[in-house]
């Protein structure tokens, strides 16, 4: 194999986390709340993959479009029933955040019940599983490596295209900037919100569907991954999609690589502390630069040396 | 469940049974949760600090007992001439723990003052350590917007559990640790005694919080919740006050972890999950109505009674469900939280206007502002009622950072 | 009389006293607030 297995794992995780972080940031941009239920959408995706692989005996890749749809559907339902209604009632940021936590708890319970039902009905190991053997191989690479990387790159590029070139993307950005001004200009905010929730839920569920192809999955893994998602999004700056791409990739890579290197250098016991890596990122970002990479970049561009440097290499341009 | 194992192994001096046992259990949990929920009401209901890290503070209380008090007990018992198995290194600490604890129980038996002083010692230490951990976990985000604080505090609960799981010196890792029964000198049922002590501490902390809320400092807290920019502009250190409130309430919250450790005579990190020690108290607070103590008590009593009754009768309920009833808990918690937030956003007992004897607050409000803030027209970005309170804190980031 | 029984009733008393006190305080404060409001309205109308 050209690339060591650990780098494959790190890259797969990083690409999944990038997708999740983008969705988290999109939600934050449009709804102004951190959506704690975002990781749980990934948990739904995990079980879509599992159902396709073990119950229907198909390749889990056939489940990806369905995962996208189901995730989007769940997300839209969540928005319709809870978040949208609460926003109309005038709930503040904290109330909305608590409601997303409640949704996370509820959805995790549903996933657990579904997993238990699968185990009961089909006598499969639905509580803790790995779908590596359902994967295919492209040359020396496992399929998931190629698929996850390409899916992430494709979705980042298409998101970029959508946000800058299409009407709906521009409308989304306008809604994120100032909802009331956008509505004055004739943008249907409700539809834009629905669309962005559908998109984020779908992306999260798609990323989740890729998780069990390389990583051990349980009903709780969706709820577990939320710390990494938040760390990636926060590292990116919390309100910049491009920041989320970089942040998610960085946190995903470092979560696996730092743990591996730590295990090699310090001792095997470091592996137990893997969930601490994104927490360290969170705390460090908040202590050093609360606006994350996006804020740091903005400051760098605004500073004299930064703008001179950018001018000298001909890169002086706007952030968006 | 590990609790059941612990209770089975160390049921020495548990005599009350039947319905009385259930009542004692509910009283004990009511006492524990009322401490947490009141501290939460102090922080969130009155000062607007969304402390999502209750579990961290409770876990600190438990770790204080297992990591510090037990060592102190062993040292003192050895100094008094009792033979204990070695407990110096991690392996011995965990491996010899049950037999050491039973030796300790015999040691505590005739020495009432020792047991009481150990209880007081661990309460004092957990108060201090809770305040310290409150300071530490608030450090990254206390000056930023409220959602950042929530994110950091929620993840910290997991971090505390990871440390507890992997460092056996704290609480025996995944195996957990038995705690000497400090109520061994008491001839009757120790659960009743510990319930009484817990309720007493609950009452003391209630009066503490009540005094603080009725003092000028309490009005300052409410002012910060309503509009921190105004408070900052009249020369108050908003971040410092918020940090003080968080530290104080963290210390009180840690007490309930200590009391829980002594109640179970057992500490394991799995007992202090954030789902249990953060989300349920939040549900109690929101159900009862943030901002007033009566609501907190009502919410606490309702939720604790419901939970304990479900747990006790779970074999009857199990017949109804096709899945284990443990999963039903998270469904119930999520649905209740959402339902309360959506249908009773002000809780069962809404917050009243602040009554200060001698000051006609209503008149002041009517004359100076002309409108009640509750019925104020929906402002841009802001809102009325509870939402207005939240957005005052969670609103503009740029305002808060300046 | 057993120690347990005594303590049990002490516990029950504690359990009742605290909420009772809170409810009492809540009611008196609400009453005082209502009275103050009524007084203000009277002063305004006259």
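Any read-out appearing in this document is the output of simple, stated calculations on the displayed coordinates, not a laboratory observation. Since we're looking at a predicted model, the values are computed, not measured. Every residue, glycine as well, gets a Cβ built from its backbone with ideal geometry; the counts of neighbours run over all protein chains shown.
Computed from the Cβ-Cβ distance with R0 of 35 Å, the FRET efficiency linking residue B:352 to residue B:273 stands at 0.50. Shown for A:197, B:315: other C-beta atoms within 10 Å of each C-beta, ranked fewest to most, produce the order B:315, A:197.
Measuring between their Cα centroids, region B:135-182 and region A:245-320 lie 24 Å from each other.
With neighbour counts taken as other beta-carbon atoms within 10 Å, the residues A:205, B:54 rank, fewest first, as B:54, A:205. Here region A:86-218 yields Rg over Rh of 1.08, to two decimals, using C-alpha coordinates and the Kirkwood radius. Report the Stokes-Einstein translational diffusion coefficient (µm² s⁻¹, integer) for region A:5-226, Rh taken as the Kirkwood radius over Cα pairs, at 25 °C with viscosity 0.890 mPa s. Calculated translational D: 137 µm²/s. Sorted largest first, the principal axis extents computed over the alpha-carbon atoms of region C:1-44 equal 63, 11, 5 Å.
For region C:4-31 versus region B:209-276, the inter-centroid distance based on Cα atoms is 24 Å.
For region B:66-120, the spread of Cα coordinates along the three principal axes comes to 31, 20, 18 Å, biggest extent given first. Considering the zone a paramagnetic label at residue A:69 would reach in this model (a point 7 Å from Cα along the Cα-to-Cβ line), which residues of region A:178-199 have amide N under 16 Å from it? From region A:178-199, the list is A:198-199. Placing dummy labels 7 Å off each Cα toward the beta-carbon, the span from residue B:314 to residue A:188 is 4.8 nm. Overall form of region B:233-329: prolate. Here a/c, set by the Cα gyration tensor axes a ≥ b ≥ c, is 1.5 or more, and a/b is the larger of a/b and b/c. The mean count of C-beta atoms from other chains within 10 Å of the C-beta of residues in B:334-346, rounded to a whole number, is 5. Rg and Dmax over the alpha-carbon atoms of region B:81-181 stand at 17.9, 56 Å.
Compute the Cα gyration tensor for region B:21-273, then decide on rounded, prolate or oblate, letting a ≥ b ≥ c be the square roots of its eigenvalues: rounded whenever a/c is under 1.5, prolate when a/b is larger than b/c in the other cases, and oblate in all that remain. Because a/c hits 1.5 or more and a/b exceeds b/c, region B:21-273 counts as prolate. In plain terms, the bigger the Kirkwood radius, the slower the diffusion; for the protein assembly as shown, with that radius from Cα pairs, at 20 °C and 1.002 mPa s, Stokes-Einstein puts D at 77 µm²/s. For the protein assembly as shown, adding -39500 (n - 2.57) for each run of n ≥ 4 DSSP H residues and dividing by the number of residues yields -22500 deg cm²/dmol at 222 nm. In terms of its alpha-carbon gyration tensor, region A:1-56 comes out oblate; a/c meets the 1.5 threshold, while b/c is at least as large as a/b. Rg and Dmax over the alpha-carbon atoms of region B:11-148 stand at 19.0, 56 Å. Taking the C-alpha atoms only, the angle from helix C:3-45 to the longest principal axis of chain C is near 0 degrees.
Rounded to the nearest 0.05, the FRET efficiency derived from the C-beta distance between residue A:138 and residue A:57 at R0 = 22 Å is 0.50. To the nearest 0.05, what FRET efficiency results for residue B:215 and residue C:5 with a Förster distance of 41 Å applied to their C-beta separation? The computed FRET efficiency comes out at 0.55. Running a GNM on chain A with Cα contacts under 10 Å, which residue among A:295, A:169, A:139 ends up with the highest mean-square fluctuation? Comparing A:295, A:169, A:139 in a Gaussian network model of chain A, the most mobile one is A:139.
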